[in-house]
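What follows is a short report on a single structure.
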Amino acid sequence: MKLGRALGLLLLAPWAVRAVEPISLGLALAGVLTSYISYPRLYCLFAECCSQKRSLSRAALQKDLDRKLFGQHLAKKVILNALTGFISNPKPKKPLTLSLHGWTGTGKNFASKIIAENIYEGGLHSHYVHLFVATLHFPHASNLTLYKDQLQLWIRGNVSACARSIFIFDEMDKMHAGLIDAIKPFLDYYDHVDGVSYQKAIFIFLSNAGAERITDVALDFWRSGRQREDIKLGDMEHALSVSAFNNKNSGFWHSSLIDRNLIDYFIPFLPLEYKHLKMCIRVEMQARGYDVDEDIVTRVADEMTFFPKEERVFSDKGCKTVFTKLDYYYDD
């Protein structure tokens, strides 16, 4: 690395250091650093840069989805096609907006994590990925106007710094109605809003709204002996948008984002079955460095609770608590 060699010559040559006054040496070092950091490419060797985003690989994204997201054939297909199509488009007409719906533990947060990791090496920890949790960041209804102003400023500032910014809104079903409409101008079909283009940004919404409808469809397929993989997006996407729009307890209640068709995909996350829980447990074992023990896998899965009460088809917590239950068997 050129900077390393430059510093090395100054720091590793004692005779040269003795021959130079301290102030002169300091100025020399400062000059070297300034000349290198003045160039963006060189600066990015030492700090994360927006230009360092990964070239999205469809194959890598497909592999991550297949290995880490279980029982969600619809979500995997939509995310794969929507994301790769959007990223490969040099001039999108609007930002990509995805709304992920389903019960807790079905993989919504995990899917957003996979998306972030396939675009930025730092994933959710990247400076260009921004996570908002409704109950944490917008807790008080009385501050709604303040939250709207802050949200607009935050998004405007970050997209100005990096056009390919990612914004994730969790707990949309707990967000105060009307708040999310503050970002409507940024999601619309505008080339610029106050001099800033938002067309390359990505917005992801996570919500439990519509989960009942998703469960009804999945249960109907199960009861009729049909495979869940035969469920089509068209079987529930419209119902999800209507459910979110009409739910008074949802942040999307009568939202202009839905009314103006600014959300590109409403993505259902199906409730998980017993076999999917076992997949989650196996992956967690491997992630902890353990060999897969099928006896423990079965015992952990058997401890989970399922619904409906009579048929016990779907896990009521998805994969969310299998990780803590696994701790009991590996308590060192």
Query - Descending principal axes extents, region 274-330, alpha-carbon based, whole Å - result: 36, 17, 16
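Pairs Lys108/Lys184; Lys94/Lys174; Lys275/Lys320; Lys76/Lys184: which exceed 21 Å Cα-Cα?
On the way: Lys108/Lys184 23 Å; Lys94/Lys174 26 Å; Lys275/Lys320 15 Å; Lys76/Lys184 27 Å.
Where the Cα-Cα span goes over 21 Å, the pairs concerned are Lys108/Lys184; Lys94/Lys174; Lys76/Lys184.
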Query raised in the report: Roughly speaking, what is the centre-to-centre gap between region 195-239 and region 131-186 when only Cα atoms are used, to the nearest Å?
Result: 23 Å
Report task. Give the accessible surface of the chain per residue, rounded to a whole number of Å², with probe radius 1.4 Å and ligands, DNA and RNA excluded. Result -> 53 Å²
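Of all the accessible heavy-atom surface of region 256-296, with the other protein chains kept in place and a 1.4 Å probe, what percent is carbon and sulfur? Can you show the working numbers first?
Working: 830 of 1940 Å².
Using a 1.4 Å probe with all protein chains present, region 256-296 comes out at 43 percent carbon and sulfur.
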Report summary line: With +1 on the Cβ of every Lys and Arg and -1 on the Cβ of every Asp and Glu, the dipole magnitude of the chain about its Cα centre, in debye rounded to the nearest 20, is 1120 debye
Requested in this report: Take every Cα-Cα distance within region 212-332, group them into 5 Å bins from 0 onward, and report for each bin the whole-number percent of pairs it holds.
Outcome: 2, 10, 17, 15, 14, 13, 12, 9, 5, 2, 0
Query - Sequence-distant residues sharing a close amide H with Arg312 (under 5 Å, placed H) - result: none
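Looking at the chain only, what percent of DSSP beta bridges run antiparallel? Nearest 5 please. Walk me through the numbers on the way to the answer.
Details: 4 of 23 bridges.
Looking only at bridges with both residues in the chain, the antiparallel portion is about 15 percent.
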Requested in this report: Using only the Cα atoms of region 68-182, each taken as one equal point scatterer with no solvent, compute I(q) by the Debye sum, divide by I(0), and report log10 of the ratio at q = 0.16, 0.23 Å⁻¹.
Outcome: -0.87, -1.49
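Which of rounded, prolate or oblate describes the chain when judged by the alpha-carbon gyration tensor and an a/c cut-off of 1.5? Display every interim value, and only then the final one.
Values: a/c = 2.44, a/b = 1.52, b/c = 1.61.
Taking the square roots of the gyration eigenvalues as a ≥ b ≥ c, the chain is oblate.
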Report task. Note the angle between two axes, namely the Cα long axis of helix 58-68 and the longest principal axis of the Cα atoms of the chain, as a number of degrees from 0 to 90, rounded to the nearest 10. Result -> 60 degrees
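Could you sort the peptides 157-170, 296-309 by per-residue average Cβ neighbour count (10 Å cutoff), highest mean leading? If you can, show how the numbers build up before the last one.
Working: 157-170: 19.2, 296-309: 15.1.
The packing order, highest mean first, is 157-170, 296-309.
The values are calculated or read from the model by the stated rules, or taken from the named source; none is laboratory data. Only a predicted model underlies this, so the values are computations on that prediction, with no experimental measurement involved. Note that each Cβ is placed from the backbone with ideal geometry, even for glycine, and that neighbours are counted across all protein chains shown. Accessible surface areas use protein heavy atoms only, side chains included; no ligands, DNA or RNA. Shrake-Rupley method; radii C 1.70, N 1.55, O 1.52, S 1.80 Å.
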